[in-house]
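The values are calculated or read from the model by the stated rules, or taken from the named source; none is laboratory data. What you are looking at is a predicted structure, and each value in this text was computed from that prediction instead of being measured. A quick note on method: Cβ atoms are made from the backbone with ideal geometry, for glycine too, and the neighbour counts reach across all protein chains shown. To get the accessible areas, we keep the full protein, side chains included, count just its heavy atoms, and leave off ligands, DNA and RNA. Shrake-Rupley method; radii C 1.70, N 1.55, O 1.52, S 1.80 Å.
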Amino acid sequence: MEQLIFATSNEGKIKEIRAVLADTDYQVLSMAEAGIQIDIDENGADFEENAIIKAKAVHGVSHTLVLADDSGLEIDYLDGEPGVHSARYMGENTPYQEKNNQILKRLEGVPMEQRTARFVCVIAAVFPDGRCVTVRETMEGYIGWEARGEQGFGYDPIFYVEPAGLSNGELSMEEKNRLSHRGKALEAVKKELL
Ligand code: ITT
């Protein structure tokens, strides 16, 4: 079995990634499992740049196949915020319960048709020879009126999908992976790995 390193330290992401890549010939190693401890400055202007920065930083140490995910939530009423700053919104260490409550407050009184939002996921793959490709996928939905569900991570409890009207926090990991930005981007990256 071949190995690949997924350049993330986000536990929520890595669980979803392992589930989708389970049917490939690759064993997925986290950075910790690969023994790589580096600080990466995610100073890119967009999701593509940041995904490439992360994948190349780890590839620079390992020289192996490396994947990285840069993702975030774009809320139309907030002009695309928090966007590429999703992890840093209100501070990296602020609990998501607080971040989610703050977003619900900022959207108080905003009608359904103006609550549209999407998750974006860009995955960069850097191959052992340094060749690099990116894939981008989105998940369209809306910001609900309350946080619901214990599944997933981050902004999942306030992001709702039609037609079921359930929050991502109420979806099983299998359901979320079937519909989500990350699930679809991982399926697209699988094709690049063949
Ligand atoms: P790595 O850079 O180590 O992968 P990170 O959490 O810092 O971890 P990003 O810079 O890509 O990753 O930030 C993505 C943020 O967007 C993440 O922390 C969540 O707040 C949010 N996010 C992305 N995908 C999400 C999802 O599927 N569900 C909920 N929130 C998500």
Inset, instruction - For region 34-155, just the Cα atoms, rotate onto the principal axes and tell me the three extents in Å, largest first. - result: 52, 26, 26
Legend entry - the chain, relative contact order [Cα under 8 Å, separation at least 6], %: 20
Legend entry - Inter-part distance where region 85-120 and region 1-62 are each reduced to a Cα centre, Å: 26
Legend entry - Theoretical gain in end-to-end length, D129 to H63 [0.36 nm per residue, Cα-Cα removed]: 23.0 nm
Legend entry - Lysine pairs with alpha-carbon atoms under 18 Å apart, the chain, spacing 8 or more or separate chains: 9
Inset, instruction - With a 1.4 Å probe and all protein chains in place, put H63, H181 in order of accessible area, largest first. - result: H63, H181
Inset, instruction - Please calculate how many Å² of accessible area the chain carries per residue, with a 1.4 Å probe and no DNA, RNA or ligand atoms counted. - result: 50
Legend entry - Candidates E33, E49, E150: whichever shows maximal mean-square fluctuation once the chain is modelled as a Gaussian network with Cα springs under 10 Å: E33
Inset, instruction - With only Lys, Arg, Asp and Glu charged, each at its Cβ (+1 for the first two, -1 for the last two), find how big the charge dipole of region 34-133 is about the Cα centre; round to the nearest 20 debye. - result: 220
Legend entry - the chain - charge dipole about Cα centre, Lys and Arg +1 at Cβ, Asp and Glu -1, debye rounded to 20: 140
Inset, instruction - Compare P128, P157, P95 in a GNM of the chain, Cα atoms joined below 10 Å, and give the one with the largest fluctuation. - result: P95
Legend entry - Projected label distance in nm at N93 and D25, using a 7 Å step from Cα toward the beta-carbon: 4.5
Legend entry - Carbon and sulfur %, accessible surface of the chain computed with the full protein complex present, 1.4 Å: 48
